[in-house]
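**Q** Pasting in a structure now, in C-alpha cells, and then I'll have a few things to ask.
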Amino acid sequence: MHGLHNLRHLRRFFVLAALIGMLMLTACSGADGRTIGQAPSHGTELTPSQQADADEMDNPAQDAGEHAQDPEQPTTEAGQDEHEGTPPEEPNPQEDEHMDREADALEAIRTRYDITDPASIAVLVNKTYGLPEDYEPDDLVKVDIPFVYQDDSVHSLRQVAADALVEMFAAAKEDGIELAGVSGYRSYAIQKMLYEKYAARDGQEAADKYSARPGHSEHMTGLAMDVAELSGRCAARNCFADTEEAKWLAEHAHEFGFIIRYPLGKEEITGYQYEPWHLRYVGVELAQILYENDWTMEEFFLPESVNAVNMNG
Ligand SMILES: [Zn+2]
C-alpha cells in the first residue's frame, strides 16, 4: 500500500513538473508578440494522454465537493486564479466533525422549542399553521412606547415581548433612531374584520399577500409588533424599507429577541411580501440563530416543507 502511494506521488510530481515546464516556455516565449505573463490562448492546452494523468491528479478531490476540479478545465491555464492551480486539499475530518457537532447543537436547540403551543414564544403561525379562534394570551400589557395611531386596541403585547420592545426602542434612541409602534396584538375578531375589509377592496388573492386570514396572523400571538419611524410617514408601507429606522432594525432587532419575520427574497417561503416593519419576538437565542444563518422560522423548524415549496417553484 505504502509503495503504491509513493509511486502515485512520484507520478504526480512528474506530471506537475512537466506542466510547469510547459507553462514557463509559453509564458516566456513572446515570439508571437505577447508580453510575458499574458494569458496564452492555446499554448498550454493538454493533449488527451496528459489529460488522463491530470484526471488522476484530481482524484483526491472527489470527496471535496465544490472544490473538485472539472477535467475539462486544465488546472494549468495561465491567467486563472492561483487557487485553481494548486492541488485540492484532502478532505478535512476535523472540519467535518465540527460541522456535525454544529448540526447536532442546532438540532438540540430546535427540539427544545414548541412550535405548536399558542403560548410558546416559538409558536409557528403562517398560512398553514393557525391559532384556535378562542386563543388569547393571558399576559397582555400595553406597551410603553410612542404609537403612530392612537387607537389603543392594538397597543398591547405579551409581557416578555413588551419588555424586550421597550428595551430595543431605548437602545435605538441612544443610536439616534426614534421608533414608534403601529400595531401589536390583534384579536381573532379584529383580524377577521381587517382581512374581510382588504379582501373586499383588493380581492382575496391580493389581500392574501399582505393580510392574514383570521387565526393565521402572528399579531394574534401577542408576540408581533409593526414598527415605524416616529413620524409614521412610512408606517406599514414599502417606503419604510429605505429608512434609517428599518436599517437599524435589520441590524439590531435580533439582539433583543426580535426577527424581521417576512424578509426580502423569502416571499415563497413565508407566503408574504417583504415587511421590514413586522417584528416577531422569538427570544434572543432563536433570533440570534435565525439572524446569523439568514433563516426564516420555516427554514429552521420545517426545512423539509421549505424544500418542497422551493421544488414546486
Ligand atoms: Zn405585522
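**Q** Under a straight-distance cross-link criterion of Cα-Cα below 25 Å, which lysines are reachable from K173, leaving out those fewer than 8 residues away in the same chain?
**A** K173 reaches K142, K247.
**Q** Less than 17 Å apart at the alpha-carbon level, and either on another chain or at least 8 residues along: which lysines does that give for K127?
**A** The qualifying lysines are K192, K209, K266.
**Q** Run the paramagnetic zone check for A206: 7 angstrom along Cα to Cβ, then residues of the range 252-274 with backbone nitrogen under 17 Å.
**A** Only 273-274 pass the distance filter.
**Q** Want the number for K127 to E107: 0.36 nm per residue separation, take away the alpha-carbon distance, what's left?
**A** Computed gain between K127 and E107 is 4.7 nm.
**Q** Rounded if a/c is under 1.5, else prolate if a/b is larger than b/c, else oblate: which is the range 174-313, with a ≥ b ≥ c the root eigenvalues of its Cα gyration tensor?
**A** It comes out oblate by the Cα gyration axes.
**Q** Follow-up question, since we're still on this one. Work out the FRET efficiency for E167 and I115 from their Cβ-Cβ distance, taking R0 = 22 Å, and round it to the nearest 0.05.
**A** My answer for the efficiency is 0.30.
**Q** Whole-Hz Karplus ³J(HN,Hα) for the range 266-276, in order, using 6.51 cos²θ - 1.76 cosθ + 1.60 and θ = phi - 60°, x for Gly and Pro?
**A** Each residue's phi maps through the Karplus curve to give 10, 4, 5, 7, 7, x, 10, 5, 4, 10, x Hz.
**Q** Sort D226, D100, D139 so the one with the fewest other Cβ atoms within 10 Å of its own Cβ comes first.
**A** In order of increasing Cβ crowding within 10 Å: D100, D139, D226.
**Q** Using Cα pairs closer than 8 Å and at least 6 residues apart in sequence, work out the relative contact order for the range 100-311, in percent.
**A** Value for the range 100-311: 19 percent.
The numbers here are math on the coordinates, done by the rules we state, and not lab data. Since the model is a prediction, treat every value here as computed from it, not as a measurement. Because the Cβ atoms are built from the backbone with ideal geometry, glycine has one as well, and the counts that use them run over all protein chains shown.
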